[in-house]
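Engineer: Just passing along the structure, written as structure tokens.
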Amino acid sequence: MDYYKMSAAEAAGALQNKEVTSQELTASVLRRIGEVEEEIQGFITLLDENETLLEAEKIDKARASGESLSLLAGVPMALKDNLCTRGIPTTCASKILRKYRPPYDAHVVEKLKETGTVLVGKANLDEFAMGSSTENSAYYTTRNPWDTTRVPGGSSGGSAALVAAGEVFFALGSDTGGSVRQPASLCGVVGLKPTYGLVSRYGLIAFASSLDQIGPLTRDIRDCALVMDVIAGHDPRDSTSVPREKENYTDYLGRDVKGLKVALPRDYFEEGINAEVKKVVMEAVRKCSGLGMEIEEVSMPYTSCALPAYYLVATAEASSNLARYDGVQYGYRAAEAKNLLSLYKKTRNEGFGPEVKRRIMLGTYSLSSGYYDAYYLQSLKARTLIREDFQKVFENYDFIVTPTSPTVAFKAGEKTDDPLTMYLSDICTITANLAGVPAISIPCGFVDGMPVGLQVLGRPFDEGRIFQFCYALESLLGVRNQLPEVNVKRGG
Amino acid sequence: MSVSRKEVEYVASLARLDLLPEEKESITQQFNVILDYIQRLKELNLSGVEPTTHVQQLKNVFREDRSEEKGRELLPEVLEEAPDSARGLFKVPPVIEEES
């Protein structure tokens, strides 16, 4: 049976009822990987199949012996390849970390291991999570399962494509400016960027530390809540991790949403938003009134300065975070450097790809003496205005709804020559990172056969009610856990 | 305002990047396009606005100032990942040498 088509919750339920074993689930996704992975290219590292099956067998044995197991125990999944996994290559899709095997697991990896989920492999991304299409991967571009001539989005494009193609039940990604939500939108899956501080980044290879968050990519809302139940929570090893009581997110599913208020910021429906995408999103929004929700237009006037502010903040932080790659302690080292300084310079120039260099350069420039006040400081002030935009709206509304991406998935190669056009793919998603608020993308329909995502933003730490709302909306829209027919080259 | 190739070369040296001539060329061009877009920020009235460095208003998070012994056992694994090491240390080319 094609178990891979189940959602993670359905698979977990079947495991608990002993209708299926973890080995059968794992064998099913491995078969699926065998059929479609050559076309999708979602993995950078696919673990040895026998070892993966052995992990599944361990869970099956524990279950058979009556051990009490977590709900997701035995469910196969993938991790974005910027999450450290002990002894397993963690490349960030960069040449500079080609064979790097971390000596420790990221916090979220520890959590998933404790839960007993089965790691299948590490997913492709744009190098160091910088990009919106996976085309900046030093290895290869992942293809969109809905149309393999198109990109899956990015930077967590591998994670999104693997979930959409049925190669894993869920995956983790990271989101600095939309890197979970935009690929989720383009691949027709659910993707959440949690509130800044909710999920520990210990072991997430840093890109822009004031913006980075780890989040799940899943087949539906219930799966997303289930994964958040595992990975959310305080961890002293990430000093930005907020100490607060742990919530049970699945408890929110099925609660009434009547009377909750939705804000529609007109600023997110203007600049560069494809008319068809807008139409599909608006149809979905109209259905919210059927749920007894109140919907009103609002204005968030500083939205248009979000992208420039983002590219200054993110690149400044990246230039600092990526200073550690110098060919000394780990990773790539250039050959034949005659002194330490030339070792640094050659290693970094040979090890980093063009987009990463561009961003390191822009960040270094905006932090350099003489430009700091003109650029970096201005961007931090603009960030305050963007946060205040959100605070004002959340005084009167529970949620903000926007499109996730201005367009459906674009063709591979379409935007690679023009960095600025590529940056504009993130226009709807970056504000959540700047403001630190939680935001989710859920599939809400199709344009020309390609999935469209709807974004819901909420108050800080209001993930529970975001799930409550999206769960109700998901059942109304009827587009949950839809898997595309991937064109299988060799006849399947 | 526009950025010259010379400035790009200076920034590259700060960033420890040994850019190739064609990279200097393309980065100079792209810099100007991106910086032109970023000029939008200049249109804002930002006087009196406090900068946001972090969205969580967490105070400094301290721990006891004591070295943590754990992790020492990982030293062999850590050094195995190093491009070059000797006697339990990272090995690098000469440090004290005049740059030509």
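The values are calculated or read from the model by the stated rules, or taken from the named source; none is laboratory data. Just so it is clear, the model here is predicted, and its values are computed rather than measured. Positions of Cβ are generated from backbone atoms using ideal geometry, with glycine treated the same way; all protein chains shown enter the neighbour counts. Only protein heavy atoms, including side chains, enter the accessible area calculation; ligands, DNA and RNA are left aside. Shrake-Rupley method; radii C 1.70, N 1.55, O 1.52, S 1.80 Å.
Engineer: Taking trypsin sites (Lys or Arg not before Pro) as candidate sites, keep only those in a DSSP loop with at most 16 other Cβ atoms within 10 Å, then name the longest stretch of chain A containing none of them. Walk me through the intermediate numbers first.
Structural biologist: On the way: sites that count: A:Lys18, A:Arg98, A:Lys99, A:Arg237, A:Arg244, A:Lys246, A:Arg255, A:Lys258, A:Lys338, A:Lys489, A:Arg490.
With a cap of 16 other Cβ atoms within 10 Å, the longest stretch comes to A:339-488.
Engineer: Taking each pair of different alpha-carbon atoms in the stretch A:107-209 once, compute 1/r for the pair, average those values, and report the inverse of that mean as the Kirkwood hydrodynamic radius in Å to one decimal. Walk me through the numbers before you get to the answer.
Structural biologist: Working: mean 1/r = 0.0732 Å⁻¹.
Evaluated over the stretch A:107-209, this radius sits at 13.7 Å.
Engineer: Amide H of A:Thr45: which non-local residues (sequence gap of 5 or more, or other chain) have their own amide H closer than 5 Å, using H built in the peptide plane?
Structural biologist: The answer is A:Lys122.
Engineer: Can you work out the Karplus-derived ³J(HN,Hα) for every residue in the stretch A:302-319? Use 6.51 cos²θ - 1.76 cosθ + 1.60 with θ = phi - 60°, whole Hz, and x for glycine or proline.
Structural biologist: 8, 4, 5, 9, 5, 5, x, 4, 4, 5, 7, 4, 5, 6, 4, 5, 5, 4
Engineer: Can you send over the carbon and sulfur percentage of the accessible area for the stretch A:113-213, probe radius 1.4 Å, protein chains only?
Structural biologist: Answer for the stretch A:113-213 is 44 percent, counting heavy atoms of protein chains only.
Engineer: Something else now. Using a 1.4 angstrom probe on the protein heavy atoms only, could you order A:Asp147, A:Asp251, B:Asp65 from most to least accessible area?
Structural biologist: Details: A:Asp147 40, A:Asp251 85, B:Asp65 155 Å².
Ranked from most to least accessible, the order is B:Asp65, A:Asp251, A:Asp147.
Engineer: Right, something else. Please compute, for the alpha-carbon atoms of the stretch A:274-432, the extent along each of the three principal axes and give them in descending order in Å.
Structural biologist: Projected onto its principal axes, the Cα set of the stretch A:274-432 covers 70, 37, 26 Å.
Engineer: Kindly compute the accessible surface that chains A and B hide from a 1.4 Å probe when together, both sides summed, and give it to the nearest 100 Å².
Structural biologist: 5700
Engineer: On a 0 to 90 degree scale, rounded to 10, what angle separates helix B:5-14 from the longest Cα axis of chain B?
Structural biologist: Computed tilt is about 20 degrees.
Engineer: About its Cα centre, what dipole magnitude does the protein assembly as shown give when the only charges are +1 on Lys and Arg Cβ and -1 on Asp and Glu Cβ, stated in debye to the nearest 20?
Structural biologist: Details: 67 positive and 83 negative charges, 63 e Å.
For this selection, approximately 300 debye.
Engineer: Please work out the Cα center distance from the stretch B:78-96 to the stretch A:335-405, rounded to the nearest Å.
Structural biologist: 31
Engineer: From the helices alone, meaning DSSP H stretches of at least four residues, give me the mean residue ellipticity at 222 nm for chain A, per-run term -39500 (n - 2.57), in deg cm²/dmol to the nearest 500. Please report the intermediate quantities before stating the final value.
Structural biologist: Values: 15 runs with 182 residues, N = 492.
Counting only the DSSP helices, I get -11500 deg cm²/dmol.
Engineer: Here's a follow-up. For a test of the definition: using alpha carbon positions, the gyration tensor, and the 1.5 limit on a/c, classify the stretch B:1-99 as rounded, prolate or oblate.
Structural biologist: Values: a/c = 3.31, a/b = 1.32, b/c = 2.50.
Oblate is the answer for the stretch B:1-99, as a/c is 1.5 or above yet b/c matches or exceeds a/b.
Engineer: Can you list the GluC sites (Glu not before Pro) in the stretch A:431-492 that are in a DSSP coil and have 15 or fewer other beta carbons within 10 angstrom?
Structural biologist: On the way: sites: A:Glu463, A:Glu474, A:Glu485; in loops: A:Glu485.
Of the GluC sites (Glu not before Pro), the ones in loops of the stretch A:431-492 whose Cβ has at most 15 other Cβ atoms within 10 Å are A:Glu485.
Engineer: Continuing with this model, one more query. Identify, among A:Cys305, A:Pro243, A:Asn321, the residue whose Cα sits farthest towards the positive end of the charge dipole of chain A, taking +1 on the Cβ of Lys and Arg and -1 on the Cβ of Asp and Glu, with the dipole about the Cα centre.
Structural biologist: Checking the options against the dipole of chain A, the answer is A:Asn321.
Engineer: What is the distance in Å between the Cα centroid of the stretch A:205-279 and that of the stretch A:451-470?
Structural biologist: That distance is 6 Å.
Engineer: Could you give the alpha-carbon Rg of the protein assembly as shown over 2.2 N^0.38 Å, rounded to two decimals? If you can, show how the numbers build up before the last one.
Structural biologist: On the way: Rg = 23.3 Å, N = 592, 2.2 N^0.38 = 24.9 Å.
Scaled against compact globular proteins, the figure is 0.94.
Engineer: Another one. How big is the Cα convex hull of the stretch A:1-107 in projection, averaged over all directions, in nm²? Kindly include the intermediate steps, with their values, before the conclusion.
Structural biologist: On the way: hull surface 30.6 nm².
Average of the hull's projected areas for the stretch A:1-107 equals 7.7 nm².
Engineer: Between A:Lys279 and A:Glu388, what length in nm is gained on full extension when 0.36 nm per residue of separation is reduced by their alpha carbon distance? Working shown, then result.
Structural biologist: Numbers: separation 109, 0.36 × 109 = 39.24 nm, distance 2.86 nm.
Between A:Lys279 and A:Glu388, full extension yields 36.4 nm more.
Engineer: Oh, and also: Write down the accessible area per residue of chain B in Å², having rolled a 1.4 Å probe over the full set of protein chains.
Structural biologist: Values: 7480 Å² over 100 residues.
It amounts to 75 Å² per residue over chain B.
Engineer: Can you pull out the GluC sites (Glu not before Pro) in the stretch B:1-94 whose DSSP state is coil and whose Cβ has at most 14 other Cβ atoms within 10 Å?
Structural biologist: Values: sites: B:Glu7, B:Glu9, B:Glu22, B:Glu23, B:Glu25, B:Glu43, B:Glu64, B:Glu68, B:Glu69, B:Glu73, B:Glu77, B:Glu80, B:Glu81; in loops: B:Glu64, B:Glu68, B:Glu69, B:Glu81.
Here the GluC sites (Glu not before Pro) that fit, given the DSSP loop and packing criteria, are B:Glu64, B:Glu68, B:Glu69.
Engineer: Along the charge dipole of the protein assembly as shown, which of A:Val109, A:Thr407, A:Ala206 sits closest to the positive end, that is, farthest toward it, with unit charges on the beta carbon of Lys, Arg, Asp and Glu (+1, +1, -1, -1)?
Structural biologist: Going by the charge dipole, the pick is A:Ala206.
Engineer: When only DSSP loop residues count, what GluC sites (Glu not before Pro) in the stretch A:1-37 have their Cβ near at most 14 other Cβ atoms within 10 Å? Working shown, then result.
Structural biologist: Values: sites: A:Glu10, A:Glu19, A:Glu24, A:Glu35, A:Glu37; in loops: A:Glu19.
Of the GluC sites (Glu not before Pro), the ones in loops of the stretch A:1-37 whose Cβ has at most 14 other Cβ atoms within 10 Å are A:Glu19.
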